[in-house]
Each structure stands twice: as structure tokens, then as C-alpha cells.
Amino acid sequence: VRLRVWNKTSSEICAMIKGGQVDLGVITLPAPAEARSLQPYHSYRYAAVFAAQSARSLPPVVTLGALAALNLLLLERGTRSRDLLESAFLRHRLAPRSVMELGSVDVQKDLARIGVGVAVVPDFSVRGTGDDPRLVRREIQGLPLARLALASRRGPPSRIIEAFRDTLLEAKAS
């Protein structure tokens, strides 16, 4: 059994599934056109995180307007997360003042931790403020619920892929 974890956009993962390079992927919905078989997996919200020592004093729930005025640390264009956030800003007729594009949630949090800006990340990536005393987490008002799905090739999966998918679903349920 060979397991390889890729850090790619949902579109890239679906293209890899379609091309036979991978058998199973976790993607952010809505699914790109290349998507094959989808199984809902997890719903989540986005959170704003910033350095605890920062002079910023954000309320417990941050509006999109307040976010737009800050130095934002966002995932790169082309990700479903970035698309969702930009759509929300557009709906509210807001334009972020300053955006730094990054390739991973971990890098977003690392830069937020040292005071570079405010990262907008999935809430499950920062469980609570007690997890890392150097980061402060705030809820964001005005963003819709985001959803993850397991994407796989159409047709019956191999026994190994089925077992791995079942393991992911069981782990989520516990």
C-alpha cells in the first residue's frame, strides 16, 4: 500500500483523479467540473486569526468590512477558499486593502503568529485560543458555511481505497 498526500487545489485534485494519478481526494465544494464521485465529508466555518501580542483589538465576531481594512493573509487565487472569500467581499461591495497570497494554511498561521497580518483559515485548523497562546481566533460574520467532500473515481473503488475512505469517515464520526 502506498499513500501519498498532495497539497493541491480542489481543481487540481479532481484533474488528478480524472487522469488516474490519484484514487481519492479531499476537496472543497462546490466541486469543479472534473469532479467524479463525491461524498459529503465535513462542514466548517472560516476564522480570523492574528498575533496575540498585536495591537489589533478585534471584537469576538468580525465583519467582512472590518477584515477588508486589515492586512490579510489569504490562500492563493484559484483555491475554493479564496474564491468563497472574494465572492463574499464582492457581494458586500468590499475590496480588501492589503492581501498577501500564500500556499498553505500553516504558512498563513505562522505569519499571523508573528504579526504580519490577519489570516483567514478554516476554523478546524485553529480549535481554540488555548491551542496556541500566540494566536487569537475570531469568528467571521458574513461568510457561508464551507463544505469538504471525498472525491473519487466513478465506479466501485478498490478494497484498499474503500477501506481508507471508511477509515476517514469513521475518524470524522468519532
Subset of region 76-88 [charged (D, E, K, R) and crowded, with 20+ Cβ neighbours inside 10 Å]:
Arg80
Open to solvent by less than 50 Å² (accessible area, probe 1.4 Å) and either modelled with pLDDT of 90 or more or over 17 Å from the mean Cα position of the chain (by Cα) (or both), is that true of Leu102?
yes
Is it fair to say Val107 is touching a strand residue (DSSP E or B) at 6+ places or on another chain (Cβ under 6 Å) and either open to solvent by 50 Å² or more (accessible area, probe 1.4 Å) or hydroxyl-bearing (Ser, Thr, Tyr) (or both)?
no
Which of the residues belonging to region 66-75 are open to solvent by 10 Å² or more (accessible area, probe 1.4 Å) and under 11 Å from the mean Cα position of the chain (by Cα)?
Leu75
So, of the residues in region 18-60 that are more than 20 Å from the chain's Cα centre (by Cα) and among the aliphatic types (A, V, I, L, M), which turns out to be nearest to Arg153 (Cα to Cα)?
Val22
For region 25-43, does any single residue satisfy the condition of being assigned to a strand (DSSP E or B) and either of a type in the set (Phe, Trp, Tyr) or free of Cβ contacts under 8 Å to residues at least 40 places away in the same chain (or both)?
yes
Determine which member of the set Leu85, Leu74 is closer than 20 Å to Gly115 by Cβ and in contact (Cβ under 8 Å) with a residue 12 or more places away in the chain.
Leu74
Which listed residue, of Arg93, Arg45, Arg80, Arg36, is modelled with pLDDT of 90 or more and under 30 Å from Glu162 (Cα atoms)
Arg45
Given the criterion farther than 28 Å from Val5 by Cα, assigned to a helix (DSSP H, G or I) and either among the hydrophobic types (A, V, I, L, M, F, W, C) or without any contact (Cβ under 8 Å) to a residue 24 or more places away in the chain (or both), identify the matching residue among Ala66, Ala95, Ala112.
Ala66
Do you know which residues across region 115-150 are of a type in the set (A, V, I, L, M, F, W, C), out of contact with any Ser or Thr (no Cβ under 9 Å at 6 or more places or on another chain), assigned to a loop (DSSP other than H, G, I, E, B) and open to solvent by 30 Å² or more (accessible area, probe 1.4 Å)?
Val116
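The values are calculated or read from the model by the stated rules, or taken from the named source; none is laboratory data. Because the structure is predicted, anything quoted here is derived from the model rather than measured. Every residue, glycine among them, receives a Cβ derived from its backbone with ideal geometry; neighbour counts consider all protein chains shown. Side chains are part of the model used for accessible areas, which takes the heavy atoms of the whole protein and leaves out ligands, DNA and RNA. Shrake-Rupley method; radii C 1.70, N 1.55, O 1.52, S 1.80 Å.
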